Each structure stands twice: as structure tokens, then as C-alpha cells.
1. Condition first: buried (at least 18 other Cβ atoms within 10 Å of the Cβ) and outside any loop (DSSP other than H, G, I, E, B). Now tell me which residues in the range 116-128 satisfy that.
2. Got a sec? Which of Gln134, Gln207 is surrounded by 15 or more Cβ atoms within 10 Å (Cβ to Cβ) and at pLDDT below 90?
3. Across the range 85-122, which residue is farthest from the chain's Cα centre (by Cα) among those that are under 28 Å from Ile50 (Cβ atoms) and among the small types (Gly, Ala, Ser)?
4. Counting only residues that are hydroxyl-bearing (Ser, Thr, Tyr) and in a strand (DSSP E or B), which one in the range 27-40 is nearest to Glu139 (Cα to Cα)?
5. Could you go through the range 137-150 and let me know if any residue there is part of a helix (DSSP H, G or I) and over 29 Å from the mean Cα position of the chain (by Cα).
6. What single numbered condition from (1) at pLDDT 90 or above; (2) crowded, with 17+ Cβ neighbours inside 10 Å; (3) assigned by TED's automatic domain parsing to the domain that holds Thr42 fails to hold for Glu99?
7. Regarding the range 163-176, can at least one residue be identified that is in a helix (DSSP H, G or I), within 29 Å of the chain's Cα centre (by Cα) and not hydroxyl-bearing (Ser, Thr, Tyr)?
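The values are calculated or read from the model by the stated rules, or taken from the named source; none is laboratory data. All values reported here derive from a predicted model rather than from experimental measurement. Positions of Cβ are generated from backbone atoms using ideal geometry, with glycine treated the same way; all protein chains shown enter the neighbour counts.
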Amino acid sequence: MGEFLFLNLDIAQFGSNTKTIIKDENSMIMMISDETGEGKMTVHQILPGIMICFTDMHMEQCMSEFELNSGQKVLCIDQCREGRIEMENQPGIFSIMRENELRVDDRKHHKGMAYYPLRHYHGVSIFLEVHAAQKSLDEMFHGFSIDLKPYYDKTQMEKIRAIHEQITSNLQVRVTIEELSKQYDMPATSMKKCFREIYGDSIYSYQKR
């Protein structure tokens, strides 16, 4: 897959308290420790330019020396699953992320002290290195289209066909949407939508023919 972000950085860029435990072409585990405790970061590359990182900290604070390479553009989506993290991104300026909160970040200001006031933090981060990720996604979806249309199961299809047969076999008898919904045990909204998808027109229009 090729290397990306964390996987091709010198471990020294993370700080003197960080050690690599396992590293291969597409994954890496780093241990962080100081006098306040220890933590672990588990990194997996999904595609070139796209990475997921699981962070588990059991310490009071941690100094980060992490800096992006010159010209590198990153979009990062962070979630705090448990605990809390306070990051001094710039002198005197802090960002705080609490349990279940999300944050979108460009990692331009990620060098500094991180604090864990509850003495634990469990989070997950998705990294996209903009140019490499765009190339990977273009290659992945080349020749494919994304279909956002709904899917219907066999039972729904059979019910809609039965409804069509019922209303077209005897156009003299009008049945309301509510009656059909109750008769076929199908929510009215789903029934109308599925009918239009299959037959290209509404139940009401068919009954008017």
C-alpha cells in the first residue's frame, strides 16, 4: 500500500517518551510513557492516504513533538470515546474534547502538552492526507457509480405487486391508502414510495385510470 503520515515519520517527531513496539508496511503500535503513566497508539493504514488511529492513554499528561512535513495537508476527524483530553495547541490556547465529542482538525498545531484530567483517554482518529487520499479514492471508485436509491426486500416487493394487481383488476372499487396500508401491513409512506419506484406512478394515479 505504501507508507503514509505516521508510518514514514521518524519516531523522534513524536517525542522522546515514545517508542515503536510493532511496525510493518501498513500498521504501527507506539507506546508512550512518563512519570505520570503510559499510553498506546495503534495505527492502521486503510488505503494510501487514509489511516485510522486508536489512542488509549492512562496518564496525566503527555508532551507531543508531532509536526507535519512541509506542504503536507491533513484532514483529521477525532472522537473521544471515553475520558477527556486537553491540548495546548499554542502557548496559552487550549482545545478540549470530552466523551462522545467529535472534532475536525488539520493538525497544523499539534505540538505541545496534552493533559488527561481524568487520567484516562480513549479515542479514535481518522486521518486523510488530502492529495494521497484523493488519489486512492479516485482509483477505488474509477468506473463505479454510487447508487443512493433505496432497496426493498422480497416481502415488500410481493406486497406491492399484490396491491398493483388488486387496484388494476377492478378499477371500479376504490381503496384508500390507509386501507391498503392496514390490509398489507405496510407503512403508508414506504408503500407509496415502493409502488412508485416499481411502476413509475402513484397508487392514486393508477386508481384514476
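1. Residues of the range 116-128 buried (at least 18 other Cβ atoms within 10 Å of the Cβ): 116, 121, 123, 125, 127-128.
Correct list: Tyr121, Gly123, Ser125, Phe127, Leu128.
2. Gln207 is the lone residue from the list that is surrounded by 15 or more Cβ atoms within 10 Å (Cβ to Cβ) and at pLDDT below 90.
3. Gly112
4. Ser27
5. No: the range 137-150 contains no residue that is part of a helix (DSSP H, G or I) and over 29 Å from the mean Cα position of the chain (by Cα).
6. Going through the list (1) at pLDDT 90 or above; (2) crowded, with 17+ Cβ neighbours inside 10 Å; (3) assigned by TED's automatic domain parsing to the domain that holds Thr42, Glu99 breaks only (2).
7. Going through the range 163-176, the residues in a helix (DSSP H, G or I) turn out to be 163-169.
Filter again for within 29 Å of the chain's Cα centre (by Cα), leaving none.
Among the residues of the range 163-176, not one is in a helix (DSSP H, G or I), within 29 Å of the chain's Cα centre (by Cα) and not hydroxyl-bearing (Ser, Thr, Tyr), which makes the answer no.
Matching residues to (1) surrounded by fewer than 17 Cβ atoms within 10 Å (Cβ to Cβ); (2) in contact with a strand residue (DSSP E or B) (Cβ under 6 Å, 6 or more places away or on another chain); (3) at pLDDT 90 or above:
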residue	(1), (2), (3)
Leu5	no, yes, no
Asn8	yes, no, no
Ile21	yes, yes, no
Ser27	yes, yes, no
Pro48	no, no, no
Glu65	yes, no, no
